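Here is the structure we will look at.
The values are calculated or read from the model by the stated rules, or taken from the named source; none is laboratory data. What you see is a predicted model; the values in this text were computed from it and never measured. In this analysis, Cβ positions are derived from the backbone assuming ideal geometry, glycine residues included, and neighbour counts consider all displayed protein chains.
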Amino acid sequence: MADVEDDRMALLRFVERFGLVLREAGMAPMPARVLAYALADDADHYTAGDLARGLGVSPAAISGAVRQLVQVGLLVREREPGTRSDLYVLDDRDLWSRFMTAELASLRRFEEAVAGGVELLGTERPGGRRLAETRDFMAFLHGELVDALARWPAERDRLAAERNGAPVPR
């Protein structure tokens, strides 16, 4: 029985550490903890109560967190016939590439907004030059991310084969 409790404590320590990393990247605290928990826990679906019990928080704290995670596509809301509770599923098939693909639109909007500042200020002024470099960097990052996402399926398959002990051509 101690092993089960040790495993649970190890899971919760990881959730807190990874949740903190997600928070430092800009995610709100409770969605960060819920996502970290759903990624690391072995279940394939959760009710709000399951998440609350797993994290040791109130169901009310979970409500807003799952709503945010559903909105950005990191969790999917489902309902089983005959049940009254929503189920939250971590659709882990290509989770991060789907997330980053959605982020491409945000990156493009950022780039366009900065480009408007460059157009307004010109590049003769220090502020305009800084904005131009920001625009150029965002455009570069967008292109690199598009390329990386296109290469990801082959890399994902190569890494999976490697984990499964299959010979992997390079």
Select, from Gly82, Gly117, Gly49, Gly73, the only residue that is of a type outside the set (D, E, K, R), over 25 Å from Leu12 (Cβ atoms) and loosely packed, with under 13 Cβ neighbours inside 10 Å.
Gly82
Tell me which of these Asp94 doesn't satisfy, since it passes every other one: (1) of a type outside the set (Ser, Thr, Tyr); (2) under 19 Å from the mean Cα position of the chain (by Cα); (3) within 27 Å of Pro31 (Cβ to Cβ); (4) modelled with pLDDT of 90 or more.
(4)
With respect to the numbered conditions (1) surrounded by 13 or more Cβ atoms within 10 Å (Cβ to Cβ); (2) aromatic (Phe, Trp, Tyr); (3) in a helix (DSSP H, G or I), which one is the sole condition not fulfilled by Tyr88?
(3)
Please indicate, with yes or no, whether at least one residue in the stretch 138-150 is among the small types (Gly, Ala, Ser), surrounded by 10 or more Cβ atoms within 10 Å (Cβ to Cβ) and more than 19 Å from the chain's Cα centre (by Cα).
yes
So for the stretch 113-123 (the condition being more than 27 Å from Phe99 (Cβ to Cβ) and not in a helix (DSSP H, G or I)), does at least one residue qualify?
yes
Among the residues of the stretch 112-129, is there at least one that is closer than 29 Å to Val66 by Cα and among the charged types (D, E, K, R)?
no
Taking Phe99, is it in contact (Cβ under 8 Å) with a residue 12 or more places away in the chain, part of a helix (DSSP H, G or I) and surrounded by fewer than 13 Cβ atoms within 10 Å (Cβ to Cβ)?
yes
Can Arg108 be described as touching a residue at least 24 places away in the same chain (Cβ under 8 Å), touching a His at 6+ places or on another chain (Cβ under 8 Å), surrounded by 11 or more Cβ atoms within 10 Å (Cβ to Cβ) and not acidic (Asp, Glu)?
yes
Just checking, does the stretch 134-143 include any residue being touching a residue at least 40 places away in the same chain (Cβ under 8 Å) and not assigned by TED's automatic domain parsing to the domain that holds Asp44?
no
Suppose we keep only residues that are basic (Lys, Arg) and in a helix (DSSP H, G or I) within the stretch 125-145. Which one would you say is nearest to Leu107 (Cα to Cα)?
Arg135
Look at Gly73 and say whether it is in the same structural domain as Arg33 (by TED's automatic domain parsing), outside any helix (DSSP H, G or I) and at pLDDT below 95.
yes
Would you pick out the residues in the stretch 23-46 that are buried (at least 18 other Cβ atoms within 10 Å of the Cβ) and hydrophobic (A, V, I, L, M, F, W, C)?
Met27, Met30, Ala32, Val34, Leu35, Ala36, Ala38
